Amino acid sequence: MADTSNFQPFKRLALIGIGLIGSSIALRARRDGLADEIVICTRRAETLDKARELNLGDVYTDRVSEAVTDSDCVILCVPVGAFSSVGERMAGHLAPGAIVTDVGSVKRSVIDQLAPHIPDNVHLVPGHPIAGTEHSGPEAGFATLFDNRWQLLTPLESTDPEATERLAAFWRALGSQVDIMTPEHHDRVLAVTSHIPHLIAYNIVGTADDLAEITQSEVIKYSASGFRDFTRIAASDPVMWRDVFLHNKDATLEMLGRFSEDLAALQRAIRHGDGDLLFDHFTRTREIRRGIIEAGQETSEPNFGRYKTDS
Ligand code: NAP
């Protein structure tokens with residue numbers, strides 16, 4: 001159950017970027033009255049038309065400066081590589097006392113790109129919802145996307161704690177649980193839990209596609225659940241994920257190094273017939289999945305219960 005009790009609605013909420021994440025915020029905020037007015041801003045006319053057709057907001061514009069004017073909360077929902085140029089277009093138009101936040105999957109780079117454009121009387125509170133699907137665009141959003149998912153906030157040392165708390169209350173009203181951490185910690189944790197798994201999925205699906213002796217039709221026809229699950233992840237938006245790797249380079253490369261060492265140990269165990277090592281390793285990892293299910297972050301249903309929904 002979302003906790004809306006402590007949240008006083010925003011007067012004017014500006015969503016810059018209206019894809020999967022932006023539209024999910026809009027749908028929930030509209031459903032539960034979390035903002036008096038919602039402004040939708042995106043660069044392409046067809047995306048703006050689609051948002052209008054879906055009735056996601058009250059005001060529609062392709063101008064960032066117009067969207068942020070008089071808004072008490074601005075949420076940037078664009079790919080991580082676009083923050084610097086969006087920040088430049090916001091500068092000089094932000095309302096005093098406004099909260100500027102984002103949903104980008106990388107935090108240090110987002111702060112470095114945005115901070116130079118944020119005046120002292122505006123509160124920068126970066127964030128990242130650990131919620132998503134492999135689908136993109138305004139049609140992909142749904143109001144319950146954030147239910148029981150984590151929202152990580154990475155305020156700066158100079159950020160007013162009251163602004164952080166107001167934003168945390170908004171995310172709780174959207175259905176999330178909120179945690180606060182440093183951007184560096186965020187980027188290392190997400191490198192392991194999200195970025196490397198995506199890279200592995202992109203890699204294995206590409207490898208299967210490249211193998212000449214296995215035709216593509218056989219890859220599809222005989223795809224067992226392991227491969228199928230990887231293809232779902234590998235269908236994720238190419239722009240978003242290109243930007244994630246370009247902007248979380250150090251943490252991704254560090255974790256990839258450790259991953260490669262561990263993979264080499266498994267490779268050696270297979271070569272030397274070391275069944276005990278394989279068994280112990282697989283037993284340990286099975287426990288981790290149990291922990292994730294017990295924490296309510298996954299279902300124990302076969303196929304992750306994904307036949308019922310497209311999320
Ligand atoms: P999406 O569905 O692809 O939508 C992207 C939005 O950003 C669209 O409105 C698009 O506008 C706009 N955009 C794209 N490139 C841009 C650019 N260069 N300059 C300005 N605007 C641009 O994306 P999403 O999945 O909602 O992801 C948005 C953010 O959320 C990303 O930073 C991502 O890292 C983060 N995130 C995603 C997920 C997920 O699972 N998808 C989960 C958590 C966080 P036009 O259509 O008008 O071009």
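Bear in mind that the values in this text are calculations on the coordinates, not laboratory data. None of these values were measured; they are calculated from a predicted model. Neighbour counts run over all protein chains shown; Cβ positions are idealised from the backbone, glycine included.
Observations on the structure shown:
- Rounded to the nearest 20 debye, the dipole magnitude of the range 185-273 is 200 debye, with +1 charges on Lys and Arg beta carbons, -1 on Asp and Glu beta carbons, and the Cα centre as origin.
- In the range 20-113, the trypsin sites (Lys or Arg not before Pro) that fall in loop regions by DSSP, at most 10 other Cβ within 10 Å: 44
- Degrees, to the nearest 10: 161-173 long Cα axis against longest axis of the chain: 70
- Shape analysis of the range 185-273 based on the Cα gyration tensor places the equivalent ellipsoid semi-axes at 25, 20, 10 Å, largest first.
- Helix 249-271 axis, angle to the chain major axis (alpha carbon atoms, nearest 10°): 20
- Helix-only [θ]222 nm of the chain, DSSP H runs n ≥ 4, -39500 (n - 2.57) each, per residue, nearest 500: -14500 deg cm²/dmol
- Straight-distance crosslink candidates among aspartates and glutamates, where the alpha carbon sits under 15 Å from residue 249 and sequence neighbours closer than 8 are dropped: 112, 184, 187
- Amide H contacts of residue 60 (H built 1.01 Å from N, under 5 Å, at least 5 apart or other chain): 40
- A Cβ-based charge dipole, computed about the Cα centre of the range 1-125 with Lys and Arg at +1 and Asp and Glu at -1, lands at about 260 debye.
- Antiparallel DSSP beta bridges within the chain, as percent of all bridges there, nearest 5: 10
- Among 116, 126, 138, residue whose mean-square fluctuation peaks in a GNM of the chain (springs only between Cα atoms under 10 Å): 116
- Cα-based shape type of the range 51-163, given that a ≥ b ≥ c are square roots of the gyration tensor eigenvalues and the cut on a/c is 1.5: oblate
- Among 81, 257, 33: highest mean-square fluctuation, GNM of the chain, C-alpha pairs under 10 Å: 257
- Remark: spin-label model distance residue 185-residue 279 equals 3.9 nm, labels positioned 7 Å along the Cα→Cβ axis.
- Sparse-neighbourhood loop sites, GluC sites (Glu not before Pro) in the range 113-171 - DSSP loop, at most 12 other Cβ within 10 angstrom: 157
- Computed FRET value (nearest 0.05) for residue 158 with residue 288, which takes r as the C-beta separation and R₀ as 22 Å: 0.05
- Amide H contacts under 5 Å for residue 71, placed H, 5+ residues apart: 95
- Comparing 207, 159, 101 in a Gaussian network model of the chain (Cα springs below 10 Å), the most mobile by mean-square fluctuation is 207.
- Sites residue 62 and residue 224 - FRET efficiency at Förster radius 45 Å, r taken between beta-carbons, to 0.05: 0.50
- Helix 196-210 and the longest principal axis of the Cα set of the chain meet at an angle near 60°.
- Taken about its Cα centre, the chain carries a charge dipole of about 440 debye when Lys and Arg each add +1 at the Cβ and Asp and Glu each add -1 at the Cβ.
- Whole-angstrom Cα spans of the chain along principal axes, big to small: 66, 41, 36
- Residue list for the range 52-81, given a label point 7 angstrom along the Cα-to-Cβ vector of residue 88 and an amide N cut-off under 20 Å: 62-69, 76-81
- Within a straight-line Cα-Cα reach of under 15 Å, residue 221 can be paired with the following aspartates and glutamates, leaving aside sequence neighbours fewer than 8 residues apart in one chain: 209, 213, 229.
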